[in-house]
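K.L.:
Dropping the structure in here first, questions after.
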Ligand code: SF4
């Protein structure tokens, strides 16, 4: 009886299965206007997995793409459109501009940033690198163009393990920034000697092992999918750990009917498309004291909306620029990553 009560309480407080949004007639009219603007402005919309469902579906419906940051930039650079609209956060717009300098890059808002980017200011990071000249500098894509310009390599979470394993095999010691949780995971998996910058993602850092164990009691047969920006205690509970695209692939590959997902809930749109027959459950954040059931949504990704998307297309607002000297330096690490990926 106690066990039953506990399970019900957990379900009530922590479990919120994914339900897709439906759009109102006003929203449908706005979507039609945006579709028309995309054609008139010769623009393609690329959206990150963590943006709102409605933006992801609009990107798909208009020949754009929904992807992780690396694939967004690669898709954008191959697009024949003269304008790319990047629905995501600032470093994604900058990466698109660095890979496609001839294109106009617009963002619904330039204020959408990332706690990892904010937590790694270029001047301090450069001094850190200067203090450790014997180390190969590897930075995560979630950094400013200036920080990338100081790096030997840029990596996304999809490719970080492979790149660091490669450097480790060559006997190189790594200076890693900015996400300490991802860095710890990579060091553990590869055995590489990694000196870490002390940064974190405010969304993934909130996942708690206790909350996931509680949900596992409700869904004992579920698999747990975890992004490696999460704390170690959460990664330790994972049946699959990986980047956004790797988690979607894991959702397909795993035999489980129910999946507890510890990453931004924006991923549920594409993940549910990939596994329509499976039940997706948001992993809780904040533990028992939290006032919300799950806060697993990036506040900066959430700044992208139909209103500011329409406005940016109409008025050409939110154009991303990158200093040419910075771009040329940052391209060294970006090009290495792209060449490494295509060489595998
Ligand atoms: S989810 Fe985390 S890593 Fe991604 S943009 Fe938001 S703060 Fe940055």
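The values are calculated or read from the model by the stated rules, or taken from the named source; none is laboratory data. Every value quoted in this text rests on a predicted model; they were computed, and no experiment measured them. Note that each Cβ is placed from the backbone with ideal geometry, even for glycine, and that neighbours are counted across all protein chains shown.
Table: residues versus (1) surrounded by 18 or more Cβ atoms within 10 Å (Cβ to Cβ); (2) in contact with a strand residue (DSSP E or B) (Cβ under 9 Å, 6 or more places away or on another chain); (3) within 24 Å of residue 65 (Cα to Cα).
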{"residue": "207", "(1), (2), (3)": "yes, yes, no"}
{"residue": "217", "(1), (2), (3)": "no, no, no"}
{"residue": "235", "(1), (2), (3)": "yes, yes, no"}
{"residue": "241", "(1), (2), (3)": "yes, yes, yes"}
{"residue": "245", "(1), (2), (3)": "yes, yes, yes"}
{"residue": "268", "(1), (2), (3)": "yes, yes, yes"}
{"residue": "279", "(1), (2), (3)": "no, yes, no"}
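K.L.:
Restricting to region 41-57, count the residues that are in a helix (DSSP H, G or I) and surrounded by fewer than 23 Cβ atoms within 10 Å (Cβ to Cβ).
P.N.:
So the answer is 3.
Listed here are the residues, each with its yes/no results for (1) modelled with pLDDT of 95 or more; (2) more than 25 Å from residue 118 (Cα to Cα); (3) in the same structural domain as residue 235 (by TED's automatic domain parsing); (4) within 16 Å of the ligand (Cβ to nearest atom).
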{"site": "166", "(1), (2), (3), (4)": "yes, yes, no, no"}
{"site": "195", "(1), (2), (3), (4)": "yes, no, no, no"}
{"site": "213", "(1), (2), (3), (4)": "no, yes, yes, no"}
{"site": "217", "(1), (2), (3), (4)": "no, yes, yes, no"}
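K.L.:
Output the number of the condition that residue 107 fails; it satisfies all remaining conditions of (1) buried (at least 18 other Cβ atoms within 10 Å of the Cβ); (2) not assigned by TED's automatic domain parsing to the domain that holds residue 311.
P.N.:
(2)
K.L.:
When region 249-288 is examined, which residues are found to be more than 16 Å from the ligand (Cβ to nearest atom) and in a helix (DSSP H, G or I)? Working first, answer last.
P.N.:
Taking region 249-288 as the starting set, the residues that turn out to be more than 16 Å from the ligand (Cβ to nearest atom) are 249-260, 272-281, 284, 287-288.
Residues satisfying the conditions are 249, 250, 251, 252, 253, 272, 273, 274.
K.L.:
Sticking with this one: Can you tell me which residues in region 117-133 are away from the ligand (no atom under 16 Å from the Cβ) and in a loop (DSSP other than H, G, I, E, B)? Even if it seems obvious, please write down each step before you answer.
P.N.:
Step one: list which residues in region 117-133 are away from the ligand (no atom under 16 Å from the Cβ), which gives 122-133.
Scanning region 117-133 gives 131, 132, 133.
K.L.:
Okay, next question. Exactly one of (1) part of a loop (DSSP other than H, G, I, E, B); (2) in contact with a strand residue (DSSP E or B) (Cβ under 8 Å, 6 or more places away or on another chain) is unmet by residue 299. Its number?
P.N.:
(2)
K.L.:
Would it be correct to say that residue 245 is in a helix (DSSP H, G or I) and within 16 Å of the ligand (Cβ to nearest atom)? Break it down stepwise before answering.
P.N.:
Values: in a helix (DSSP H, G or I): yes; within 16 Å of the ligand (Cβ to nearest atom): yes.
For residue 245, the condition - in a helix (DSSP H, G or I) and within 16 Å of the ligand (Cβ to nearest atom) - is met.
K.L.:
Return the total of residues in region 71-116 being within 16 Å of the ligand (Cβ to nearest atom), within 22 Å of residue 329 (Cβ to Cβ), in contact with a strand residue (DSSP E or B) (Cβ under 9 Å, 6 or more places away or on another chain) and not in a loop (DSSP other than H, G, I, E, B).
P.N.:
Going through region 71-116 one residue at a time, the tally reaches 9.
K.L.:
If you don't mind, there's one more thing I want to ask. Could you tell me whether residue 226 is surrounded by 23 or more Cβ atoms within 10 Å (Cβ to Cβ) and either away from the ligand (no atom under 16 Å from the Cβ) or not assigned by TED's automatic domain parsing to the domain that holds residue 262 (or both)? Outline the logic, then answer.
P.N.:
Values: surrounded by 23 or more Cβ atoms within 10 Å (Cβ to Cβ): yes; either away from the ligand (no atom under 16 Å from the Cβ) or not assigned by TED's automatic domain parsing to the domain that holds residue 262 (or both): no.
No: the conditions fail for residue 226.
K.L.:
Is it the case, given these coordinates, that residue 179 is in contact (Cβ under 8 Å) with a residue 60 or more places away in the chain, away from the ligand (no atom under 15 Å from the Cβ) and within 20 Å of residue 124 (Cα to Cα)? Break it down into steps so the answer makes sense when it comes.
P.N.:
Numbers: in contact (Cβ under 8 Å) with a residue 60 or more places away in the chain: yes; away from the ligand (no atom under 15 Å from the Cβ): no; within 20 Å of residue 124 (Cα to Cα): yes.
Spelling it out, it is not the case that residue 179 is in contact (Cβ under 8 Å) with a residue 60 or more places away in the chain, away from the ligand (no atom under 15 Å from the Cβ) and within 20 Å of residue 124 (Cα to Cα).
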